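Read the structure below first, then the notes.
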């Protein structure tokens with residue numbers, strides 16, 4: 001069978017027009033021990049912002065959750081005409097990683113890539129999450145192709161023109177695809193995301209239990225620009241790894257051979273709960289049709305990060321939403337969402 005790339009399909013950049021955003025509503029108390037009730041106000045604000053400009057498809061457990069959620073979203077002022085519930089049961093809320101990857105081509109066609117998902121190297125149960133792509137493919141009547149390797153959406157980012165960002169600490173980790181070497185993984189990335197060039201960074205940020213997802217560190221803001229998280233405090237645990245990634249990025253080239261424009265994003269002050277450093281980062285923003293939704297953390301760097309991203313996304317509103325409670329689950333708005341692009 002020809003690969004998606006051979007058939008002309010590719011994974012578009014996040015700023016490509018969306019049909020919708022897919023979410024899996026949080027319900028697993030083990031992901032937010034003793035605090036899950038605190039995350040819903042911010043999560044519902046996230047839905048409110050998304051629903052202003054696109055459909056929001058939400059995977060839920062049962063009718064009781066639907067009734068409760070409808071009430072809460074109405075109280076939050078969500079435009080409910082753009083909200084659709086699906087009884088697609090999940091283990092957890094991280095739709096970026098267990099959701100489908102939507103590919104498009106130049107003919108108005110779409111397919112889904114159904115990567116295998118093992119909850120970041122078998123750390124947590126994933127049997128229900130791993131079924132989500134095929135359920136969404138059936139609902140949308142889209143073809144689903146299976147590369148038969150483990151991959152998570154948060155481990156990559158693309159510019160839509162042929163370049164993909166990722167990390168060695170995640171994709172080369174032995175808990176993902178121990179039977180594949182770097183060259184073989186690159187081959188899968190190129191053929192199933194439709195890219196030409198792979199940029200490899202190294203270690204992720206402290207507190208990230210995904211083994212180093214790129215969406216906590218470096219993100220494309222346009223076809224030739226990359227925002228990268230940088231720590232300036234030499235005593236911080238993230239200083240050396242983030243400085244090393246910055247150095248590597250400065251040496252990289254895009255698919256056209258040109259050096260990317262590099263935008264340095266500050267790191268927030270450390271967010272710690274129960275003596276655990278949490279993976280708080282402004283790089284975990286999500287690009288909707290009308291807005292860039294940025295996690296904030298009740299510190300002075302919030303405004304600086306928002307200003308920098310406003311300069312990057314001048315045609316979109318940059319909206320900060322407090323993620324201090326949500327980050328206890330070890331992820332934020334980008335981790336929670338998966339875009340469904342228009343063909």
Could you tell me, in Å, what Rg and Dmax come out for the Cα atoms of region 234-282?
14.3, 47
Grab every C-alpha pair in the chain, bin the distances at 20 angstrom width from 0 up to the longest one, and report whole percents.
33, 62, 5
Taking the square root of 5 times each eigenvalue of the Cα gyration tensor, what semi-axes in Å does the equivalent ellipsoid of region 46-124 have, largest first?
25, 20, 11
Of all beta bridges DSSP finds with both residues in region 1-148, what is the antiparallel percent, to the nearest 5?
30 percent
For region 182-250 and region 51-125, what is the centre-to-centre distance using only Cα atoms, to the nearest Å?
25 Å
Can you tell me the equivalent ellipsoid semi-axes for region 1-149? Use √(5λ) from the Cα gyration tensor, largest first, whole Å.
28, 20, 12
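By average Cβ neighbour count within 10 Å, what is the ranking of 201-211, 133-143 from highest down?
Working: 201-211: 21.4, 133-143: 16.0.
Result, highest mean Cβ count within 10 Å first: 201-211, 133-143.
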May I ask you to work out the translational diffusion coefficient for region 158-258 at 37 °C, viscosity 0.692 mPa s, via Stokes-Einstein with Rh from the Kirkwood sum over Cα pairs, reported in whole µm²/s?
231 µm²/s
Counting DSSP beta bridges in region 18-341, what percent are antiparallel, to the nearest 5?
40 percent
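With an 8 Å cut-off on Cα pairs and a minimum separation of 6 or more residues, tell me the relative contact order of region 18-341 in percent.
Working: 666 pairs, mean separation 62.1, N = 324.
Reported relative contact order: 19 percent.
No lab work stands behind these numbers, since they all come straight from the coordinates. The model shown is predicted, which means the values in this text are computed figures rather than measured ones. Methodologically, a virtual Cβ is constructed for each residue, glycine included, from the backbone with ideal geometry; neighbour enumeration extends over all protein chains shown.
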